[in-house]
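Take a look at the structure below.
Each value in this text was obtained by applying a stated rule to the coordinates, not by laboratory testing. A quick note: this is a predicted structure, and the numbers were derived from the prediction, not measured. Methodologically, a virtual Cβ is constructed for each residue, glycine included, from the backbone with ideal geometry; neighbour enumeration extends over all protein chains shown.
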Amino acid sequence: MNEIWAIVHKERDALIQDLKALNTQQWTTPSLGPGWDIHAVLAHRVYDAKTTRIGFVSRMIAAGFDFDRINAAGIARERSTDPTQTLANFQGVRSRTTSAPAPLVTRLVEVFAHGEDIRRPLGIDHEYPVAEVAIALRYQAKTSVKLGGGKERLEGLRIIATDTVFDEGVGKEVRGTAIALLLAASGRPVHTGELIGPGALSLTGTN
């Protein structure tokens, strides 16, 4: 548990450093997440860091158990008029260890996937801890899309990471870095040619 939180806090710190130099226009750049710009993803990260188990349950009830509604409400609540204030607020919660009532590994999925939601559109490179990315990928592979996972997307595929030990599933092979596989499993777009193999087309829609 402590090891996961250490990674989460390190990734939060790294993202804060990456975002300090953004100009006003960059904050409105569309993220990898449909309908969310960079500022919205950061506001979501603030909301997520503040979330407690009891608070999450009460908000889910209020939102009629609609994940999209609760996310939209959280972003609206935490998105400041000035994005630098949102960033300051994120810095203020960077060391929190609260979470929604979900397996702790989801915190890894959160920091890795949303980190790339922000960085890739901005052209920011970041080196993620591949062993922990593989842990997040393994969780996504066994979790339904309805619960934020990627199980259905990976059905009939053998997923092989090229930068760490990860070889799971049965079917057409898809090879790529652990972070690219995690993004594709989570429904995000990846760069052309980033994933290869007979199964790449069915997973990403590109060869």
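Could you give the length gained by full extension between GLU173 and GLN85, i.e. 0.36 nm per residue of separation minus their alpha carbon distance, to one decimal place?
Additional length available on full extension: 27.2 nm.
Scan the chain and hand back the longest stretch that contains none of the GluC sites (Glu not before Pro) lying in DSSP loops with at most 13 other Cβ atoms within 10 Å.
1-126
Please give the contour-minus-distance gain from GLU155 to ALA6: 0.36 nm per residue of separation, less the Cα-Cα distance, rounded to one decimal in nm.
The span from GLU155 to ALA6 would gain 50.4 nm if fully extended.
Please arrange SER99, SER58, SER80, SER186 by counting, for each residue, the other beta carbons lying within 10 Å of its beta carbon, fewest first.
Arranged by neighbour count, lowest to highest, SER99, SER58, SER80, SER186 become SER58, SER80, SER99, SER186.
Mind listing the long-range amide H neighbours of GLU173? Cut-off is under 5 Å, sequence gap 5 or more, other chains count too, H placed in the peptide plane at 1.01 Å from N.
Residues meeting the criterion, in which the H sits 1.01 Å from N, are ARG158, GLY199.
Roughly speaking, what is the centre-to-centre gap between the range 86-153 and the range 3-67 when only Cα atoms are used, to the nearest Å?
Here the answer is 10 Å between Cα centres.
For the chain, give me the percentage of DSSP beta bridges that are antiparallel, rounded to the nearest 5 percent.
Bridges in the chain that DSSP calls antiparallel: roughly 45 percent.
Rounded to whole Hz and in sequence order, give me ³J(HN,Hα) for the range 67-74 from the Karplus expression 6.51 cos²θ - 1.76 cosθ + 1.60, θ = phi - 60°, writing x for Gly and Pro.
4, 5, 5, 5, 5, 5, 5, x
For ILE159, ILE4, ILE16, what's the fewest-to-most ordering of other Cβ within 10 Å of each Cβ?
ILE16, ILE4, ILE159
What do you get for the angle between helix 38-50 and the principal long axis of the chain? Use alpha-carbon atoms, 0 to 90 degrees, nearest ten.
Once rounded, one gets 80 degrees.
Using amide H atoms built 1.01 Å from N in the peptide plane, name the residues 5+ places from ASP37, or on other chains, whose amide H lies under 5 Å from its own.
For ASP37, the qualifying residues are SER31.
How many nm separate the modelled label positions at LYS20 and ALA102, each set 7 Å beyond the Cα in the direction of the Cβ?
So the label points at LYS20 and ALA102 sit 3.0 nm apart.
If each residue of separation counts as 0.36 nm, what is the full-extension length gain between ALA131 and HIS191 once their alpha-carbon separation is subtracted?
Once the chain is fully extended between ALA131 and HIS191, it gains 19.4 nm.
Please state the relative contact order of the range 67-170 as a whole percent: Cα pairs under 8 Å, 6+ residues apart?
15
For the Cα atoms of the chain, what angle does the longest principal axis make with the long axis of helix 130-142, in degrees from 0 to 90, nearest 10?
Taking Cα atoms only, the helix is inclined about 80 degrees.
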